[in-house]
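Asks: Structure in structure tokens, see below.
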Amino acid sequence: MDHLVSPSLLAADFGNLQKEVTMVNKSLADWIHLDIMDGVFVPNISFGFPVIEYVKKVASKPLDVHLMIIDPDRYLTRFHDSGANILTVQYEACTHLNRTVSEIRNLGMKAGVALNPHTPVSILKNILPYIDMVLIMTVNPGFGGQSFIMECYNKITELRKMIDSGGYSVMIEADGGIDTKNASKLVDAGVNVLVAGSSVFSSNDPADTIRRLKKLI
Ligand code: DX5
Ligand code: ZN
């Protein structure tokens, strides 16, 4: 399977959101990544439902919503109704993860589980049969523009082995510090979805950077 590219709007110009989403619509991007931060699970606050609803109106691609919030169960229906197609919760924020991912799927969304850089992939063993995607955080969550944590390559390789040997159809998404330099090494390690914020929106030609992430050039 060809890998997917999911540009993160966190690094977009929110004063020109329609223009930014239109650029993504016209680009080779597959999904649009939206980072929801609550100021509790991570030391930053991003945006909420009105922004997701607006993006849904102008976007022609699936919304890949990454929740960096505590107690996500309270809002699963709201995220679905706002337009999320893929909904990813942080492993570290969920006490009853099986219930949470089942509810996400029952609502008709794909269910993802994100792991912080220090959380080992081995803890996923009993949840892999119930999910569609694992998001490997390749920086500490909370901010765009940070440096990629090198140890994450090993985690991705290990997770790829777990998924393939178990025969699961679970995608691996990598998120944080991804650019045209490390993209191909990540795909080689087994990543199916590349998230990129700063490297796309801070570049001179964001659509071309998306094209390069897609073509691995
Ligand atoms: C970080 C977010 C990322 C962020 C990535 O907590 O989960 O999705 O937008 O930004 P870059 O690509 O700038 O590291
Ligand atoms: Zn993210």
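Asks: Could you give the spread of the C-alpha atoms of the chain along their three principal axes, from largest to smallest, in whole angstroms?
Replies: 42, 37, 31
Asks: Also, I was wondering about something else. Counting only DSSP beta bridges with both residues in the chain, what percent are antiparallel, rounded to the nearest 5?
Replies: Numbers: 1 of 33 bridges.
Antiparallel: roughly 5 percent of the beta bridges in the chain.
Asks: So, counting K/R as plus one and D/E as minus one, what does the shell of residues with Cβ under 15 Å around I156 add up to?
Replies: On the way: positive: K155, R160, K161, K185; negative: E151, E158, D164, E173, D175, D188.
Charge balance near I156 sits at -2.
Asks: Within the range 196-211, list the residues whose amide N lies under 17 Å from a label point set 7 Å along Cα→Cβ of T22.
Replies: 206-208
Asks: Now a separate question. Of the residues M137, M109, M150, which exhibits the maximal mean-square fluctuation in a Gaussian network model of the chain defined by a 10 Å Cα contact cut-off?
Replies: Result: M150 has the largest fluctuation of those listed.
Asks: At 0.36 nm per residue, and after removing the present C-alpha to C-alpha distance, how many nm does the segment from R211 to S165 gain when stretched out fully?
Replies: Between R211 and S165, full extension yields 13.4 nm more.
Asks: Here's something else I'd like to know. When the chain is fully extended, how far beyond the present Cα-Cα distance does K125 get from E158, taking 0.36 nm per residue of separation?
Replies: Working it through step by step, the gained length comes to 10.7 nm.
Asks: Now a separate question. Give me the Debye-computed log₁₀ of I(q)/I(0) at q = 0.13, 0.17, 0.20, 0.26 Å⁻¹ for the range 110-198, equal point scatterers on Cα only, no solvent, two decimals.
Replies: Values returned for q = 0.13, 0.17, 0.20, 0.26 Å⁻¹ are -0.37, -0.63, -0.88, -1.44.
Asks: Neighbour counts of other C-beta atoms within 10 Å: give me C94, C152 arranged from fewest to most.
Replies: Values: C94 19, C152 23.
Listed from fewest to most nearby Cβ atoms, that is C94, C152.
Asks: Moving on. Quick one: order L213, L28 by neighbouring beta-carbon count within 10 Å, fewest to most.
Replies: L28, L213
Asks: Of the chain, which part is the longest with no trypsin sites (Lys or Arg not before Pro) in a loop (DSSP not H, G, I, E, B) and with at most 12 other C-beta atoms within 10 angstrom? Working shown, then result.
Replies: Values: sites that count: K125, K181.
So the longest stretch without any such site is 1-124.
Asks: A further question follows. So, in Å, what gap is there between the alpha-carbon centers of the range 1-66 and the range 157-206?
Replies: A separation of 17 Å, based on Cα centres.
Each reported figure results from applying straightforward, stated rules to the coordinates on display, with no laboratory input. Predicted, not measured: the structure shown is a model, and the values here were computed from it. Cβ sites come from the backbone with ideal geometry, for glycine too, and all protein chains shown count toward neighbours.
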